[in-house]
Amino acid sequence: MDQRHTPNRMRGPFEQLFDFFKRKPAVLPGVLVALLALSLFGALRIHFEEDVFALLPHDEPLVSEAQLAMHRYRGLERIVVALESDDSAKLAAAVDQADAALRKLDGISEVVSRIDKSAQEDIGSLYLGKAPLLFDEAMQAQVEARLNADYYGDALQRYVDGQAGAEGIKVVDTFRSDPFGLNELVLRRFEKLNSGFSGKSDADGRILSADGRLAVILLESDVPSSNTGKGRELMSALDAALARLPEGVTPHVIGAHRSSVDNAEVLKTDMHLTIVTSVIAVLLLFIVAFRALSPILIALLSVGFGFSLALGSQGWIHGDLSAITAGFGAVLLGISVDYAVHLLTTYSSLDGDRDTRARFALRHVGRPGFVAMMTTVLAIMMLRFSEFDGLHQLSEMAIAGIAGSLVFAFTAGPQLLRRIGPKPNAASGLSRAIGAVQRTRRKLRWPVLGVVGAITLVLAAFLPGVSFDGDVTNLDGKSDQTRAGETLVAQTFGQETLSRTLVVVGGDTLEQALRQNDLAAHDLHEMGAKYESAAWVLPAQQTQLDNVARWRRFWSGERLEQIRRLIRETGARDPNDPAHEMRVSERALKAFFTGLEVADEPATLDAEAIRKRPVWLLLGNFVSEQDGRWYIGTTAQLDASRLGELKARQPAAIVLNKAAFVGRMIEFIRRDLVVMGGLSLLLVLIVLWLTFRNVREVATALVPVAGGMVWTLGLMSLFGIPFNIINTLVTVFIAGLGIDYGIFFVQTYRGSGSREQADERLKHAGAGVLVAALTTLFGFGSMALAKHPALFSVGVTTAIGVTSALVLTLAVVPTLLEIRGKHAR
């Protein structure tokens, strides 16, 4: 006799609640409304954060320094406009037109399209003759390299040749006062102070690439790049202004603002696409499976109730919630729809009145559903051990939501089915299809197991090739146009600030910050690193005095005598008489020797005074003032393996290196997969053992999750899909689904009284697993259609994982149960 017709059978807790709420119909709605009200008030307390750093480990020094660097070094927030044209005249006109138009835009505080003539003149008036003030170790090495017959001979030859040309006077004056090009060394220090853009400038000071095809305009904005709403308006206005440039000139806009807007736009488009696709697919699935709309309502209410509890709990506990965490919390809550789906599938596969079918469906799925929920919750709880802080909050949110969905599905669900449930045998077609699949599986039992085993072994061979990508910038949804612009600018100008090491130092005053910056530059020089620093042209007062002292030591009496001897012994060819050699007397170079002498109290460069002069347009790119403190950034080409040495030398400096940051994140991802996976498996084993008390049944229940993970990891390795901070979460999601599927089958089988009853109940369980898996695939696997890298990685990983778990559940688990099981023939 069927269990649903056994009146004296002991009732489980869910059946007892079913009868209680049936007798007291007002209690359940009252409790649910009260919980929803509390959740609503909690949700209203939430402040959503859109910062990706909210997901990362807050106590990790690299993460803290990256946040500080992004906040304090304004060069990372700069908008860069690159104009491209093969026509130099058009390019020059476009720069001038764009400069005038961009200055009128709201939100643009500063426009730098050229090295202003006044700034160039300012450099000459301020820095010519100031080599002693800038004479650091780097300049000393450069000067020493010039104090030889080769350099002096070439300079003398140019001087002699120039006397006959139109530039004769200029050459004479330059050579006599500076035969070794000391002033040239000073002026060359300004070449890369346009925020690292190495190129040239035209006669009017426009910043051009070496080949003259690209011109750069630098913009400062009052709008933070994190404000995507205002950033979108700013980018729209900027694009409109650049659209009016002359034909033949192509604009490229890059920077943090453009990236933020691109991400927001592609996320919006992708969400519209995936939501519409998944909603239509799920609606069609439910209509085909249940031939009614009421199951959709019950499933949505169950998930919605769980999500409300999840948000409300975070509002009451924390108040702040990362928008990214909320989004992926919703993904994890996709597991919770399974409880309602199993209830609905079993209910819709039966005949009889609504009350009887609701009771039997609850009796059928209540215990396996509760055990599955407990194992899932325990697995997700292991996210608390993750290095990523965002996952801690995610675990709390997912646990509250999953538990809430189960409570609604197994309390309110049966009561709703008593009133608005589908007709009898609405899902019998689905059950019959699963029955046909199972009959085929039994006939081909051993070939099926052999094929599945072979696939598992092949995919296991790919496990060592699983890759990890800790670079969060690869999850950036920038448009192809923006990426192309970034590549063009980087290749043309060598502008790779984010891919190099950024060193940021600070001080309570500008002078203190400059001194710290000088010390950082000194350490970088000693380490042999190439770097670009404001210390080249604006050292602190004390550093300038140190440089003067070094200058005096360098130009010792012995060295001056060597220079005089060099001048006497080195000659140049006479252009009018090649056989005649010409020399310059020491007296002719009197201005040079006089210039080597420095006053006892030299006039130094005053940073506060320079801030008011045009030259600050160049220096200000490296300097920023935030929260009453001054910060100065230096970019360097430094191998990530030497960051520890730099930090030991500069413990107070903020050091940001992309390679080191990515490497550290990869370490965390690897650790999380091992630690969370191991702890989750241990807890799941404990729960399964307490539930089944049978090694074979425990092992059978683990087949979908263990085999599913092998298949998922192997296929991701095979297709070259790397793990990142986002799709690592999906592995927890897949593990939760896999263990749910296995538990439903094992619990259903062991609770059957005969082989025939086991076959009948496994059909219901198989139909429920199939609908639940398809719901997940349509709901979250649709993200594989997204263009945003983060959503795409979630969609692809979900599709692979859920499909793997489904195939193993339907093809392997029933066979293992039947082999030497209690109902085996």
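If you place +1 on the Cβ of every Lys and Arg and -1 on the Cβ of every Asp and Glu, how big does the dipole about the Cα centre of region 251-400 come out, in debye to the nearest 20? Before the final figure, lay out each step's value.
Working: 9 positive and 11 negative charges, 105 e Å.
So the magnitude is around 500 debye.
Think of the chain as a dipole: +1 on every Lys or Arg Cβ, -1 on every Asp or Glu Cβ, centred on the Cα centre; then among SER431, LEU502, ALA243, SER431 lies furthest on the positive end.
Per-residue ellipticity at 222 nm from helix content only, as computed over the chain with -39500 (n - 2.57) for each DSSP H run of at least four residues, stands at -20500 deg cm²/dmol.
When the Cα positions of ILE298, GLN97, GLY231 are compared along the charge dipole of the chain, ILE298 comes out farthest toward the positive end, with charges on each C-beta of Lys, Arg, Asp and Glu. The shape of region 387-445 comes out oblate: with a ≥ b ≥ c from the C-alpha gyration tensor, a/c is at least 1.5 while a/b does not beat b/c. Output the 0 to 90 degree angle, nearest 10, between the alpha-carbon long axis of helix 137-146 and the longest principal axis computed from the alpha carbons of the chain. Approximately 50 degrees, to the nearest 10. A straight Cα-to-Cα reach below 13 Å connects LYS612 with the aspartates and glutamates ASP122, residues fewer than 8 places away in its own chain not being considered.
Here the 3J(HN,Hα) profile of region 251-259, calculated from phi with Karplus coefficients 6.51, -1.76 and 1.60 at θ = phi - 60°, is x, 10, 10, 9, x, 5, 5, 5, 4 Hz, Gly and Pro shown as x.
For the chain, the fraction of 1.4 Å probe accessible surface lying on carbon and sulfur atoms is 58 percent. A dipole drawn for the chain from +1 and -1 charges on Cβ atoms has a positive end, and of PRO539, MET381, VAL143 the residue lying farthest that way is MET381.
Excluding ligands, DNA and RNA, the accessible surface per residue across the chain is 43 Å² with a 1.4 Å probe. Computed from point charges on the beta carbon alone (+1 for Lys and Arg, -1 for Asp and Glu), the dipole magnitude for the chain about its Cα centre is near 5480 Debye.
How large is the translational diffusion coefficient of the chain in µm² per second when you combine the Kirkwood radius over alpha carbon pairs with Stokes-Einstein at 25 °C and 0.890 mPa s? Estimated diffusion coefficient is 77 µm²/s. Remark: for residue pairs LYS130/LYS530; LYS104/LYS530; LYS478/LYS658, the C-alpha separation exceeds 30 Å in LYS104/LYS530. On the beta carbon distance between LEU718 and LEU300, with R0 = 35 Å, the FRET formula returns roughly 0.45.
Between the Cα long axis of helix 88-102 and the first principal axis of the chain there is an angle of about 60°, rounded to the nearest 10.
The values are calculated or read from the model by the stated rules, or taken from the named source; none is laboratory data. This one's a predicted model, so the numbers in the text were calculated from it and none came from an experiment. For neighbour counting, all protein chains shown are included, and Cβ atoms are generated from backbone atoms with ideal geometry for every residue, glycine included. Heads up: the accessible areas ignore ligands, DNA and RNA and are worked out on the full protein's heavy atoms, side chains in. Shrake-Rupley method; radii C 1.70, N 1.55, O 1.52, S 1.80 Å.
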